[in-house]
Structures are given as C-alpha cells and as structure tokens.
Amino acid sequence: MRLHELYPFAEERKNRKRVGRGSGSGRGKTAGRGHKGQNSRSGGGVPAGFEGGQMPLARRLPKRGFKNAEFKVVYEVLNIGRLAQVFAGEKEITLDDIYARGLVKPGAAVKVLGVGSIESAMSIEAHRFSASAVEKIRSAGGSVKSLEQNLDV
C-alpha cells in the first residue's frame, strides 16, 4: 500500500473544473472571469498585500529587531564553575577537550561565562569570554585564549 492509495478514495476525489469548454458546461465563454477588467486578463490580478495604491500596512509599520538571521551567531554558554568541576586538576583546557567531554555540541561556538568559582590556574580556550570570566580566571593565575575578536577580553 502506498500513500496515494490511502484516503480519499479515487471515487471520492473531486475532479477539477474544466473552464472555457462551451456554453453548455456552465463555465464557457468568459470561463467564470466576467467581462473585461484586470482579473479577466491572463496574468491579471494584484499581488498579495496590495492595497489599491495606498501605502501597504507592511510599509506603514515601524521595523524593529534583528533582520539578518542568516549571519546570526548563537553561542553555547559554559560556566567556569562547570569547567573547574569537570576538568579538576588539569592545567590546559582546549576547545577539543570541551567537545570531547560532551559539555557542548561538537562544532558549536562556545562562550565562557563567569558563574561559579575557579581555584586552580587553568589555561582555557574558547570562542569568547565574558569580562567576569576573564577576571576570575586571571585572578586564579590562569590565562584565556579567545578564538574570536572579543570585545570583552
């Protein structure tokens, strides 16, 4: 059995209306389009949202928000408290280590935030760092390596 064999059954399907096939069909001559006018012509009619020349609603309303979604960068956030917990005793944490431990999705952009505390000196690599995260890591004697131009570091 295939999808097209399910429902509706062939006898229940409505046939399309064939217009312009003689006066006896009930849809002959003008084929239901009436006489003259824009909508009677081939290719006639107005586009969706057309308001007869009046300034359309879509252009009257103010435009707000982020409109360039194709280039939007979404960061996976990671707190330094979690890093300190998972990588306890390690001195260097690379992006590959973070991916390998399953803390974020592999290949995702990572931003380290300053929630939690860090006791030992660690060298941490990520795409971005918050200012509080940088302060806490450096005060513990560690270092940060940002893989992007980061205004916070």
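Mind checking which residues of segment 60-87 are surrounded by 10 or more Cβ atoms within 10 Å (Cβ to Cβ) and either assigned to a loop (DSSP other than H, G, I, E, B) or not acidic (Asp, Glu) (or both)?
Passing the criteria: TYR75, VAL77, LEU78, ASN79, ILE80, GLY81, ARG82, LEU83, ALA84, GLN85, VAL86, PHE87.
Evaluation of ASP97 against the conditions (1) buried (at least 16 other Cβ atoms within 10 Å of the Cβ); (2) in a loop (DSSP other than H, G, I, E, B); (3) charged (D, E, K, R) shows that the sole unmet condition is (2). Does VAL110 satisfy the condition of being within 27 Å of the chain's Cα centre (by Cα) and over 12 Å from LYS91 (Cα atoms)? The answer is yes for VAL110. The set of residues in segment 5-39 being of a type in the set (S, T, N, Q) and in a helix (DSSP H, G or I) consists of SER23, SER25, GLN38, ASN39.
No lab work stands behind these numbers, since they all come straight from the coordinates. Small disclaimer: the values here were computed from a predicted structure and weren't measured. Quick reminder, even Gly has a Cβ in these numbers, built from the backbone with ideal geometry, and neighbours come from all protein chains shown.
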